[in-house]
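Structure first, then comments.
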Amino acid sequence: MATPKPRIKVPKTAKVGEVIAIKTLISHDMESGQRKDKEGKLIPRKIINKFSCTFNGQPVFACDIEPAISANPYFEFNARLSESGSLKFTWVDDDGSIYADEHQIEVA
Amino acid sequence: MQLNRRQALALSAAAAFGGLLPVVARATPEATAQRIAAFAGAAKPAMGKITLTAPEIAENGNTVPISVTVDSAMSGDDRVESVMIVAEGNPNPEVATFHFTALSGVAAATTRMRLAKTQNVIAVAKMADGSVYLDQKEVKVTIGGCGG
């Protein structure tokens, strides 16, 4: 499978104390470990098991993920910021790989 | 024995249905209740404050959009620490656990989940003061989203 590619929607600017919406999506099969291949053998589990978002190093939102989350996991959540800075997004794969992305936001 | 078309169709439908029957153990309402009790700790879950939004009928169990919103100021002591989503009829009850902070602004999140069959989906919120709130929705699933 191709390297999972994160896609993130964050406003470029926000007012101090404004609640902004953040939408994230990452391409990933999220193989549940329940499916069988053509020979009837179980396909081993391989999912993204953790997602987190931090702002200037402070946690904003995090999620523990189980196989019951759909392929290409999508998360929509909010943030209320009081200064400009960078939002960092991290996804952790079952195999230990880490996919990350970063977005700057101007808060005035 | 010669089958006519109608009998043949009925047989193949029965075979297909049999083939789809689950071989793995399913999460039960009991297992789900245990999971909720472990998450809630000493507190007893109460209704209210938390709202789980899910479709009444999901045509495709592979991607069912769900949202949770908890009524909270998200500052000081009035804060939601985490929200756990569980499903009663999936191979495992756990779906996801959201962790919120004061920077979250509001305790709300949306994601997409898999549902193996028609079942109850339950959202449980744990507040910073230890109280626990719960909401539940039944989702009817046309095509299951696990196994295959």
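The values are calculated or read from the model by the stated rules, or taken from the named source; none is laboratory data. What you see is a predicted model, and the numbers here were worked out from it, not measured in a lab. Every residue, glycine among them, receives a Cβ derived from its backbone with ideal geometry; neighbour counts consider all protein chains shown. Note: accessible area is taken over every heavy atom of the protein model, side chains too, but ligands, DNA and RNA are not part of it. Shrake-Rupley method; radii C 1.70, N 1.55, O 1.52, S 1.80 Å.
Key figures
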read-out: Residues that are in contact (Cβ under 8 Å) with a residue 40 or more places away in the chain and either over 19 Å from A:D64 (Cα atoms) or aliphatic (A, V, I, L, M) (or both), drawn from region B:80-106; value: B:V80, B:V83, B:M84, B:V86, B:A87, B:G89
read-out: Count of residues meeting criterion [at the interface with chain B (Cβ under 7 Å from one of its Cβ atoms) and open to solvent by 10 Å² or more (accessible area, probe 1.4 Å)] in region A:56-66; value: 5
read-out: Pick from region B:57-107, criterion in a strand (DSSP E or B) and of a type in the set (D, E), ranking: nearest to A:K15 (Cα to Cα); value: B:D78
read-out: Failed condition for A:E106, given (1) at the interface with chain B (Cβ under 9 Å from one of its Cβ atoms); (2) assigned to a strand (DSSP E or B); (3) over 18 Å from the mean Cα position of the chain (by Cα); value: (1)
read-out: Residue that is farthest from A:D93 (Cα to Cα), among those in region A:23-36 that are within 10 Å of chain B (Cβ to nearest Cβ) and out of contact with any Phe, Trp or Tyr (no Cβ under 6 Å at 6 or more places or on another chain); value: A:K36
read-out: So A:L81, is it open to solvent by 50 Å² or more (accessible area, probe 1.4 Å) and of a type in the set (A, V, I, L, M, F, W, C); value: no
read-out: Residues located in region B:55-109, provided they are closer than 20 Å to B:K140 by Cβ and among the polar types (S, T, N, Q); value: B:N60, B:N62, B:T63, B:S67, B:N90
